[in-house]
Amino acid sequence: MLSPKSSNPPPRPTRSRPRRSQQKVTASRVAIIGGGHGGTALMEVFAEDPLVTVVGLGEIRPNTMGVRLAKKFGIPVVRRYQDLLKMKDVDLVIDVTGNPAVEKALLEAHAPHVALVGGASAKFMWQLIEARIRASAEIEHTLTRYQSLFRLYVKEEAEGAVDEERTRIACEIHDGLVQTLVGVNLKMERVRELVPEDPTKCLAMLNQTTVQLKHAIQEARQVVYNLRPGQYDHLAFIPALSNYLKAYEREHRIRTEFEGSGDESRLEPKTKVFVFRMVQEALSNVAKHAMATKVMVKVQLKKDVLEAKVSDNGQGFDVQAEGQNPEKWDHFGVRSMMERARMLGGNVQWVSKSGTGTKVEISIPLVIKEKVAYA
């Protein structure tokens, strides 16, 4: 049996904490059987949870990720999982080995002071945690790539536009994905409380949490797509807009129409990115404020100008009156759209009246290099 070095002090009992203040919640003392992916995922999450203390890991393989992580965190490792049941300072034993023999032995074990979780319930638990970790890593990776894209095309004069874009992304993630993950986290905490009391209800709640986590993953994918449409790999501007509108229609239940014409081979990558973001911001305003049932995007690549129009059949607004309120005007992302148009040498304007819908018109000049040889 592997045990911590004798020079290390034994784990400090957590039951001493309530003596300082009767209002504090005693941390649950958890032992884990299995040092593979499941055990590793549980230890990574529990290590940051003040309400859980991992007091032991049972694993016969000495070189698994879980064993290495346990040694890093100072968690005792034993080869015989039965030894975990004999520990006095353990409240819950979670079996993530998936081994029927281990599960049967735990069911037959006589340890009334210990709650046991294994089989499908334990598998659900660590798979949910792993999925949440992967979703968070995907969002972080995508945000990093998105920032790199803007550093490539936006220089010192674009600092204001970049700040606006980051704020928009942060709000989108906070209001959608983060709230869903918070709900998942609360359900997982409730599951932990129900494990020793009502395993049947615990399993039902785990199933609900699975559905909620799948929704969070879908939200994460949508944020990822909004940040970096797949066609950016080849900078195909018109196909990117067309595919984005299809996803937009599914997400917001707003009918969409798209018309795109002209040769985009003369467009610079910076122009494609900036115009796409302006159209995306206009569509976001339609979904949030217009109360529209239909929106149309029309893009024309003419000989010397790119024209893009976003029209909806929503409630509209008084452009002149709203324009006198800078804070509200900026709330619609107007400043970032105007800044992008300015950096491309173009302009953007809003045409709307109350009850008549709104039209956003973007105009970007296309300069032919042969005509500006001395520029």
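The values are calculated or read from the model by the stated rules, or taken from the named source; none is laboratory data. Model, not experiment: these values are computed from the prediction. With ideal geometry, Cβ positions are generated from the backbone for all residues, glycine too; neighbour counts draw on all protein chains shown.
With His113, His141 as the choices, which residue is more than 18 Å from Gly38 (Cβ to Cβ), part of a helix (DSSP H, G or I) and at pLDDT 65 or above?
His141
Among the residues of region 353-371, is any within 35 Å of the chain's Cα centre (by Cα), charged (D, E, K, R), modelled with pLDDT of 90 or more and more than 13 Å from Val279 (Cα to Cα)?
Among the residues of region 353-371, not one is within 35 Å of the chain's Cα centre (by Cα), charged (D, E, K, R), modelled with pLDDT of 90 or more and more than 13 Å from Val279 (Cα to Cα), which makes the answer no.
Yes or no, residue by residue, for (1) over 27 Å from the mean Cα position of the chain (by Cα); (2) assigned to a helix (DSSP H, G or I); (3) closer than 17 Å to Ser242 by Cα; (4) not assigned by TED's automatic domain parsing to the domain that holds Leu245:
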{"position": "Ser261", "(1), (2), (3), (4)": "yes, no, yes, no"}
{"position": "Lys272", "(1), (2), (3), (4)": "no, yes, yes, no"}
{"position": "Asn285", "(1), (2), (3), (4)": "no, yes, no, no"}
{"position": "Lys288", "(1), (2), (3), (4)": "no, yes, no, no"}
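Considering only region 54-96, how many residues are outside any loop (DSSP other than H, G, I, E, B) and either outside the structural domain of Gly38 (by TED's automatic domain parsing) or not charged (D, E, K, R) (or both)?
Of the residues in that region, 19 qualify.
Might you check whether a residue that is touching a helix residue (DSSP H, G or I) at 6+ places or on another chain (Cβ under 8 Å) and among the polar types (S, T, N, Q) occurs anywhere in region 98-113?
Among the residues of region 98-113, not one is touching a helix residue (DSSP H, G or I) at 6+ places or on another chain (Cβ under 8 Å) and among the polar types (S, T, N, Q), which makes the answer no.
How many residues are farther than 22 Å from Ala111 by Cα and surrounded by fewer than 21 Cβ atoms within 10 Å (Cβ to Cβ) when one looks only at region 25-39?
Going through region 25-39 one residue at a time, the tally reaches 3.
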